[in-house]
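Everything on this sheet refers to the single structure shown next.
The values are calculated or read from the model by the stated rules, or taken from the named source; none is laboratory data. Fair warning: this is a prediction, and the values are worked out from it, not measured in the lab. Cβ atoms come from the backbone with ideal geometry, glycine included; neighbour counts cover every protein chain shown. Heads up: the accessible areas ignore ligands, DNA and RNA and are worked out on the full protein's heavy atoms, side chains in. Shrake-Rupley method; radii C 1.70, N 1.55, O 1.52, S 1.80 Å.
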Amino acid sequence: MVCLLDGPGGVGKSTLAVRAAHDAADRFPDGLLYADLRGADPGSPPLETADALRLLLSALGLPRQDIPRDPPRAAAVYRERLRGRKVLVLLDNALDSAQVRDLLPTEAGSAALVTGRTVLTGLGGAHHLHIGTLAPAESIALVRTVAPGSAERGSREEWEELAALCGHLPLALRILAHRMASRPQWRVADWNAVLRDERSRMDELTAPDVDLRASLTVTIDQLAAGADPAGRLAAAMFPLLGAATVRSYSPDSAAAVTGCTPREAAHALERLTDAQLTTSPRPGTYTLHDLVRAAAARQASRLPEPRTNGRVADLARWYLGSMYRVNEPLAVPECFRSRSREGIARFPQGRSFTDGEEALRWADDAVDDVVLLAAQLSDPRYDTGDELAGKPLSSFAPESIWALDTYFGRRLSWHAQQRLCDLALTVGRRRGDVFARAVALGMTGKSLGQQGEGLRGAKLLEEAVELYRSLGEPLQAVRQLHNIVPCLGSAGKLTEAVDVAGQALAEAESLGFEEIRVSIVNNLARCHLLLGGLETAHRLLTGNYAATAHLPYEHTKAAGVLAEYHLARKEFEEAAHWARRSLEHAAEQPFDPYTVAEQRMSLAAAWRGLGREERARAEETAARAILEDFDHRERTRRRAHGTGGGGR
């Protein structure tokens with residue numbers, strides 16, 4: 001069964017579909033699948049069917065590396081995964097029938113809900129449901145529900161007039177109701193007078209087809225005409241908030257894109273929130289609904305292009321300054337510390353952080369908007385200029401990857417990282433920017449190795465090595481060479497991994513790159529351990545553990561591999577000792593989830609070897625929880641595909 005819901009923007013299609021899906025959940029014991037197809041998102045392109053298939057297959061539990069890249073094969077695997085299952089598939093914001101055809105379940109007992117702004121035709125056997133505006137009584141009930149205690153503020157006639165002025169459109173009614181709730185002294189007649197004064201709003205709201213953008217524009221006009229300075233600033237800010245494709249703002253980032261002070265921006269954002277033009281999911285965070293953002297973008301397009309480009313450049317510089325500052329409170333090698341200092345010097349604007357967790361949480365929230373902004377600035381029209389410390393705005397993607405290198409290493413936000421790398425590679429190839437290509441290939445290769453595609457990753461890393469060498473960047477060349485080692489190791493090419501590690505080690509020692517040398521030794525020792533060379537591994541590890549005391553990440557890794565060594569020798573007391581020590585080191589700073597999970601599994605194996613089954617199961621449970629949390633974050637990011645985001 002397929003049900004297609006269509007109707008104008010803001011009429012409540014998605015809300016209705018989600019509510020219906022939850023109400024019908026017990027009829028679909030194998031779960032609910034959701035995909036936002038972004039057909040109504042002005043700031044991002046519609047989701048390709050192939051990407052939607054990957055998202056849904058991931059939600060069905062298929063590992064990323066097992067998802068076919070060929071769309072027909074992915075569609076076939078998707079149908080196979082659904083075979084015998086009873087699931088409800090919710091496809092939100094569809095662009096057209098072609099986008100959803102391969103996503104619809106065909107199994108008996110399964111169903112699909114599809115929402116879109118246009119009528120989706122050509123899907124045989126589907127049930128069509130047009131979602132219209134509310135009846136007068138329903139409109140009034142909605143406002144009174146959202147604004148409790150407001151029923152006594154006006155007569156029936158006044159309420160009916162209010163509903164009519166809002167076009168009986170749910171989103172417009174909710175906007176007004178929230179404002180009423182924040183102004184309990186105002187009567188319905190007062191609201192009617194405000195709305196009635198705006199001739200354009202009156203015209204749009206009484207038209208047969210409601211234009212939500214027009215109604216939002218009138219709300220901005222009301223703020224501009226008011227006596228409140230913050231309201232007037234909010235009206236002036238609104239178009240500039242649409243100049244960039246980001247979906248959320250903080251007072252600092254809004255100040256960067258509008259040119260006012262953070263304090264002024266905070267007051268203005270509060271006024272926009274009062275008017276329900278933005279929402280505030282938590283203090284200091286303001287998000288724009290896609291329709292509101294569309295209205296802002298439409299107004300921004302009417303401003304002089306040099307002005308909007310200048311404001312977007314300011315926002316890009318603010319983000320880069322903030323991203324480089326993420327590294328400041330983290331324990332990182334000196335080469336990363338130098339990179340951070342150099343980046344901050346080039347981009348002095350930005351947010352500062354007091355500790356590592358705060359910095360990484362900010363990056364967690366910011367990374368989707370960084371990707372959206374990078375996508376906007378990767379357009380060829382941004383290839384000229386020197387807005388980014390002497391580079392054009394299209395350099396934002398490779399610069400962001402460079403700034404977020406440590407973040408991606410700690411959080412493993414693979415989806416966002418890959419999207420940035422793809423953009424950087426596109427820009428680099430188009431502009432002949434060898435550095436951008438090297439950064440993108442290196443980061444992609446390392447990420448592929450982490451995700452189980454070691455041979456593909458090694459190939460890209462080899463390209464990055466050659467590009468960095470052509471640029472005269474021996475430090476980065478050795479880093480990429482070093483990253484090939486775990487890629488080959490994960491692919492079972494251990495002998496080759498040892499050879500590459502030896503080459504990287506010789507280069508690092510000859511160039512005096514001590515921080516990379518100790519990291520190479522950790523990976524080399526693990527390769528020897530897996531090859532059965534226990535004594536060689538132990539010799540390398542014991543010396544390296546002492547040498548890495550000033551490098552917390554490598555210190556932790558050395559302790560973890562020592563635990564593996566003692567497990568291999570069935571020396572379970574020693575293995576437990578080193579696994580606990582590794583976990584203690586990891587607890588001293590933010591650490592990537594896979595490494596911590598590995599350490600807990602090593603400790604579980606040690607406890608089991610000692611006959612302490614209950615403690616072993618507890619560690620395994622903790623390890624699984626870490627990985628499940630990571631997988632959930634990645635699935636959520638893929639499902640949202642850039643939607644939402646926290647304050648900046």
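In segment 1-49, the qualifying residues are those that are among the β-branched types (V, I, T) and open to solvent by less than 70 Å² (accessible area, probe 1.4 Å), and the one that is modelled with the lowest pLDDT is V11.
So that you can scan it fast, the table gives a plain yes or no per residue for (1) open to solvent by less than 20 Å² (accessible area, probe 1.4 Å); (2) touching a helix residue (DSSP H, G or I) at 6+ places or on another chain (Cβ under 9 Å):
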position: A491; (1), (2): no, yes
position: E496; (1), (2): no, yes
position: A506; (1), (2): no, no
position: I516; (1), (2): yes, yes
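Can you tell me which residue in segment 388-414 is farthest from the chain's Cα centre (by Cα), limited to those that are part of a helix (DSSP H, G or I) and of a type in the set (A, V, I, L, M)? My answer is L393.
If you scan segment 235-254, which residues turn out to be open to solvent by 10 Å² or more (accessible area, probe 1.4 Å), over 22 Å from R179 (Cα atoms) and part of a helix (DSSP H, G or I)? Selection gives D252 alone.
With respect to T384, determine if the residue is closer than 21 Å to A244 by Cα, modelled with pLDDT of 95 or more and open to solvent by 10 Å² or more (accessible area, probe 1.4 Å). No: the conditions fail for T384.
Would you check if A616 is open to solvent by less than 10 Å² (accessible area, probe 1.4 Å) and part of a helix (DSSP H, G or I)? For A616, the condition - open to solvent by less than 10 Å² (accessible area, probe 1.4 Å) and part of a helix (DSSP H, G or I) - is met.
Enumerate the helices (runs of 4 or more DSSP H) found wholly within segment 125-200, keeping only those where 3 or more residues are open to solvent by 50 Å² or more (accessible area, probe 1.4 Å) and either modelled with pLDDT of 90 or more or over 25 Å from A224 (Cα atoms) (or both).
Hits in segment 125-200: 136-146, 156-165.
Please tell me if G84 is surrounded by fewer than 16 Cβ atoms within 10 Å (Cβ to Cβ) and either within 13 Å of V2 (Cα to Cα) or touching a residue at least 12 places away in the same chain (Cβ under 8 Å) (or both). Criteria met by G84. In segment 565-576 there is at least one residue matching the filter, namely being modelled with pLDDT of 90 or more, buried (at least 22 other Cβ atoms within 10 Å of the Cβ) and among the small types (G, A, S).
Among the criteria (1) at pLDDT 85 or above; (2) under 25 Å from the mean Cα position of the chain (by Cα), the one T273 does not fulfil is (1).
Checking each residue in segment 435-472 for being surrounded by fewer than 16 Cβ atoms within 10 Å (Cβ to Cβ) and in contact (Cβ under 8 Å) with a residue 24 or more places away in the chain picks out G452, L455, S470, L471.
Taking the numbered list (1) within 26 Å of N523 (Cβ to Cβ); (2) surrounded by fewer than 22 Cβ atoms within 10 Å (Cβ to Cβ) in turn, K391 passes all entries but (1).
The rows are residues; the columns are (1) touching a Phe, Trp or Tyr at 6+ places or on another chain (Cβ under 8 Å); (2) hydrophobic (A, V, I, L, M, F, W, C); (3) within 17 Å of N309 (Cβ to Cβ); (4) assigned to a helix (DSSP H, G or I).
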site	(1), (2), (3), (4)
R341	no, no, no, yes
I344	yes, yes, no, yes
R351	yes, no, no, no
T354	no, no, no, no
E357	no, no, no, yes
R361	no, no, no, yes
V371	no, yes, no, yes
A375	no, yes, yes, yes
D386	no, no, yes, no
